[in-house]
Amino acid sequence: MQITRRSFVALSATLPWVLRAGAATSIPIGLELYSVREGLKKDSQGTVRAVAQLGYQCVEFYAPYFEWSEAQTKQMRKLLDDLGVKCYSTHNDEKYFSPENISRAAEMNSILGCKYMVLGWSDPKDNLDGWKAIADKLNSASERLASSKLKPGYHNHQSEWKPVDGVRPMEVLAKNTKPTVMLQLDVGTCLEAGSDPVAWIRANPGRIHSLHLKDWSSDPTKGYKVLFGEGDANWKAIFAAAESVGGVEYYLLEQEGSRFDELETAKRCLQSYRSTHSA
């Protein structure tokens, strides 16, 4: 039987993505919207539209989204659908996981079409029992969110890599949380804390479903002000680990600020990502 190009394309679309040629390049690239926070405060819909026009395939809203009304959340979802942009996860304050807030947060995440509700930050004050309590909270959230087809996640900053009584808090979180809890890796803060992102990914296979692609420079005059690809991160090795064992489903570029304005920064980081990831 002769297979035409059209029939081959149609057949390929039915195959699992991992079997298709170039599967790694099909991983969506998104923007953590903290990167355009000033624009988001002034005009949330206009800023999301601008981000989509740059070529981003997904976005991640951060904590202030929780203040939206149900109508505003539905309006944002309609905009995302119209733009063909996905929202796979949100960043959340710890209080959003409390018994009085988690149902509302789950409803809003479901409206947005999310898969993961990520705890964006925690600070148990250098106490291992406190970190174990965070793990318990995430496990409890996993049970509470299951009915909404959502999973919890945890996003690291610097303190999670600094040993407490000889143990890194990230290891406590990984060891004491269910496999359903995503370990969202922030590359920049991992580097600044002196840890190896590649080693961490390989030590936690199948848990790193998304990464914040934030670069960092050991040059004290630059730090987080560098654009993607200008800092110390070995992105080739990070991508290889994330895509071979990490279980990455989507990437998120993040920028705390640079020498350019927010949208120009987002544009330049995306261009650099594309040239780095495809090379």
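The values are calculated or read from the model by the stated rules, or taken from the named source; none is laboratory data. All values reported here derive from a predicted model rather than from experimental measurement. Glycine also receives a Cβ, built like all others from the backbone with ideal geometry; neighbour counts cover every protein chain displayed.
Give just the number: which of (1) modelled with pLDDT of 95 or more; (2) farther than 21 Å from Lys115 by Cβ does Ala279 not satisfy?
Result: Ala279 passes all but (1).
Anything in region 138-173 that is touching a Leu at 6+ places or on another chain (Cβ under 9 Å) and aliphatic (A, V, I, L, M)? List them, or say none.
Answer for region 138-173, where residues must be touching a Leu at 6+ places or on another chain (Cβ under 9 Å) and aliphatic (A, V, I, L, M): Leu138, Ala141, Val164, Val167, Met170, Val172, Leu173.
Starting from residues that are loosely packed, with under 15 Cβ neighbours inside 10 Å and touching a residue at least 24 places away in the same chain (Cβ under 8 Å), keep the ones in region 55-74 and report whichever is nearest to the chain's Cα centre (by Cα).
That would be Gly55.
Starting from residues that are within 22 Å of Lys162 (Cα to Cα) and of a type in the set (Val, Ile, Thr), keep the ones in region 200-243 and report whichever is surrounded by the most Cβ atoms within 10 Å (Cβ to Cβ).
Across region 200-243, the extreme among qualifying residues is Ile201.
Please determine whether any residue of region 149-165 is out of contact with any Cys (no Cβ under 8 Å at 6 or more places or on another chain), of a type in the set (Phe, Trp, Tyr) and closer than 26 Å to Lys225 by Cα.
Yes, there is a match, as at least one residue in region 149-165 is out of contact with any Cys (no Cβ under 8 Å at 6 or more places or on another chain), of a type in the set (Phe, Trp, Tyr) and closer than 26 Å to Lys225 by Cα.
Here are the criteria: (1) surrounded by fewer than 22 Cβ atoms within 10 Å (Cβ to Cβ); (2) of a type in the set (Asp, Glu); (3) under 17 Å from the mean Cα position of the chain (by Cα). Tell me which single one Glu32 does not satisfy.
For Glu32, the exception is condition (1).
For region 255-269, give me the residue count where each residue is assigned to a helix (DSSP H, G or I), touching a residue at least 12 places away in the same chain (Cβ under 8 Å) and not aliphatic (A, V, I, L, M).
Start the filter on region 255-269 by keeping residues that are assigned to a helix (DSSP H, G or I), which leaves 262-269.
Applying the additional criterion that residues be touching a residue at least 12 places away in the same chain (Cβ under 8 Å) yields 262-263, 265-269.
Within this subset, residues satisfying the condition of being not aliphatic (A, V, I, L, M) are 262, 265, 267-269.
So the answer is 5.
Kindly establish whether Ser272 is in a helix (DSSP H, G or I), hydroxyl-bearing (Ser, Thr, Tyr) and free of Cβ contacts under 8 Å to residues at least 12 places away in the same chain.
Details: in a helix (DSSP H, G or I): yes; hydroxyl-bearing (Ser, Thr, Tyr): yes; free of Cβ contacts under 8 Å to residues at least 12 places away in the same chain: no.
Answer is no for this residue.
With region 44-119 as the region, which strands (runs of 3 or more DSSP E) entirely inside it contain at least 3 residues that are under 18 Å from His212 (Cα atoms) and in contact with a Ser or Thr (Cβ under 8 Å, 6 or more places away or on another chain)? Lay out the reasoning, then the answer.
Working: elements: 58-61, 86-92, 116-119.
Where strands (runs of 3 or more DSSP E) fall fully within region 44-119 and carry at least 3 residues being under 18 Å from His212 (Cα atoms) and in contact with a Ser or Thr (Cβ under 8 Å, 6 or more places away or on another chain), they are 116-119.
Within the bounds of region 101-108, is there any residue that is among the small types (Gly, Ala, Ser), over 25 Å from His157 (Cβ atoms) and surrounded by 14 or more Cβ atoms within 10 Å (Cβ to Cβ)? Steps first, please.
Looking only at region 101-108, we keep the residues that are among the small types (Gly, Ala, Ser), and these are 103, 105-106.
The next check asks that each one be over 25 Å from His157 (Cβ atoms); those that pass are 103.
Now narrow it down to the ones that are surrounded by 14 or more Cβ atoms within 10 Å (Cβ to Cβ): none.
No, because not a single residue in region 101-108 is among the small types (Gly, Ala, Ser), over 25 Å from His157 (Cβ atoms) and surrounded by 14 or more Cβ atoms within 10 Å (Cβ to Cβ).
On the given criteria, is Glu230 among the charged types (D, E, K, R) and farther than 26 Å from Cys87 by Cβ? Step through it out loud before you land on a result.
Values: among the charged types (D, E, K, R): yes; farther than 26 Å from Cys87 by Cβ: yes.
Answer is yes for this residue.
Does any residue in region 86-98 that is farther than 14 Å from Trp68 by Cα come within less than 8 Å, Cβ to Cβ, of a residue that is modelled with pLDDT under 95 and surrounded by fewer than 21 Cβ atoms within 10 Å (Cβ to Cβ) six or more places away or on a different chain, and which pairs are these?
If the second residue must be modelled with pLDDT under 95 and surrounded by fewer than 21 Cβ atoms within 10 Å (Cβ to Cβ), the pairs left are Asp93/Trp121; Glu94/Trp121.
Of the residues that make up region 233-246, is at least one of a type in the set (D, E, K, R), closer than 25 Å to Lys115 by Cβ and within 15 Å of the chain's Cα centre (by Cα)?
So in region 233-246, the residues of a type in the set (D, E, K, R) come out as 236, 243.
Subset that is closer than 25 Å to Lys115 by Cβ: 243.
Still in the running and within 15 Å of the chain's Cα centre (by Cα): 243.
Taking every residue of region 233-246 in turn, at least one turns out to be of a type in the set (D, E, K, R), closer than 25 Å to Lys115 by Cβ and within 15 Å of the chain's Cα centre (by Cα).
I'd like the full set of residues that are closer than 23 Å to Tyr250 by Cα and touching a helix residue (DSSP H, G or I) at 6+ places or on another chain (Cβ under 9 Å), limited to region 125-146. Show your work before the answer.
Within region 125-146, the first condition is being closer than 23 Å to Tyr250 by Cα, and the residues that meet it are 138-139, 141-142, 145-146.
Selection gives Leu138, Asn139, Ala141, Leu145.
Take the conditions closer than 23 Å to Glu249 by Cα and charged (D, E, K, R) and apply them to Lys162. Does it pass? Step through it out loud before you land on a result.
Details: closer than 23 Å to Glu249 by Cα: no; charged (D, E, K, R): yes.
Against the criterion (closer than 23 Å to Glu249 by Cα and charged (D, E, K, R)), Lys162 does not qualify.
Among the helices (runs of 4 or more DSSP H) lying completely within region 177-254, list those that include at least 2 residues that are within 16 Å of Tyr34 (Cβ to Cβ).
Details: elements: 187-192, 197-203, 235-241.
Passing ranges, in order: 187-192.
Can you tell which of Val248, Val226 is touching a residue at least 60 places away in the same chain (Cβ under 8 Å), within 28 Å of Val51 (Cα to Cα) and of a type in the set (Val, Ile, Thr)?
On the way: Val226 fails: touching a residue at least 60 places away in the same chain (Cβ under 8 Å).
After ruling out the rest, the residue left standing is Val248.
Any residue in region 162-173 that's closer than 14 Å to Ile134 by Cβ: show its pairings with residues that are in a helix (DSSP H, G or I) and of a type in the set (Phe, Trp, Tyr) at Cβ separation under 8 Å, as long as the two are six or more apart or on different chains.
Val164/Trp131; Arg168/Trp161; Pro169/Trp131; Pro169/Trp161; Met170/Trp161; Met170/Trp200; Val172/Trp131; Leu173/Trp131
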